[in-house]
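Derivation of every value follows stated rules applied to the coordinates shown; laboratory data play no part. Values in this document were obtained by computation on a predicted structure and should not be read as measured data.
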Amino acid sequence: MSKGKFITLEGGEGLGKSTNLAFVKECLERRGRRVIVTREPGGTPLGEQVRAILLGDGQVSPPTELLLVFAARAQHVQDVIRPALENGDWVVSDRFTDASYAYQGGGRGIDAAVIASLERYVQQELEPDLTLLFDAPVEVGLARAKRRGAADRFESEDLDFFRRIREAYLARARSVPQRIRLIDASQALPAVQDQILRCIEAL
């Protein structure tokens with residue numbers, strides 16, 4: 001059986017990643033693929049516990065935040081992602097390691113070399129086959145996020161934090177354009193999904 005493909009959805013708050021996970025899954029299933037949908041932080045029982053800590057009200061230092069994210073990711077890779085790919089399934093994840101470069105690197109100011117070291121240790125050769133990066137002005141995403149309800153620990157950060165995240169994401173996209181495809185998330189949903197569809201068809 002051929003190995004599956006790994007697709008990740010990335011971007012700032014309120015830009016439609018979660019909304020479009022189901023659309024990506026549907027597109028792939030229509031083409032006869034078996035699809036596993038997952039998320040980070042999360043994806044495993046341990047990962048969901050880490051997610052609750054990271055999104056909760058408690059104080060978490062930047063180094064602790066980074067290490068917690070990668071602890072959850074290590075379990076996620078071992079228990080969910082690698083087995084699914086080896087089984088020939090396609091894995092679609094709401095966030096993966098690009099989020100660490102954006103949130104803990106750009107947002108928190110952690111050196112990218114530290115993140116890269118953890119990435120190599122946890123993932124070895126594993127990386128997504130395609131990353132859909134949902135992008136729009138920070139103000140657009142935050143306005144949408146506010147309509148979802150109470151803000152979590154990340155959503156409560158100031159505007160500059162999210163501007164740094166966006167810049168870090170765009171820098172990642174420039175560095176690996178063959179993998180990271182920019183999706184203009186400021187457009188209406190049908191136009192956004194048309195962009196997604198073209199990227200999936202190319203893969």
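Here are the numbers:
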| item | result |
| --- | --- |
| The chain: relative contact order as a whole-number percent, Cα under 8 Å and 6+ apart | 33 percent |
| Length released on extending from N87 to D160, taking residue separation times 0.36 nm less the Cα-Cα span | 22.0 nm |
| Note, ³J(HN,Hα) from phi for the range 86-95, Karplus 6.51, -1.76, 1.60, rounded to Hz, x at Gly and Pro | 5, 7, x, 7, 9, 10, 10, 10, 7, 6 |
| For the range 41-147, projected area of the alpha-carbon convex hull averaged over all directions, nm² | 7.7 nm² |
| Under the Karplus curve 6.51 cos²θ - 1.76 cosθ + 1.60, θ = phi - 60°, whole-Hz ³J(HN,Hα) for the range 126-139, x wherever Gly or Pro sits | 6, 8, x, 7, 8, 10, 9, 9, 7, 10, 6, x, 3, 4 |
| Stretch gain in nm, segment R198-A112, where the contour uses 0.36 nm per residue and the Cα spacing is subtracted | 27.9 nm |
| Stokes-Einstein D for the range 6-202, Kirkwood Rh over Cα pairs, 4 °C, 1.567 mPa s (µm²/s) | 76 µm²/s |
| Helical contribution to [θ] at 222 nm, DSSP H n ≥ 4, -39,500 (n - 2.57), averaged over the chain, rounded to 500 | -15000 deg cm²/dmol |
| Top of I183, I81, I53 by mean-square fluctuation, Gaussian network on the chain, Cα under 10 Å | I53 |
| Extension gain from R33 to R179, taking 0.36 nm per residue of separation minus the Cα-Cα distance | 50.6 nm |
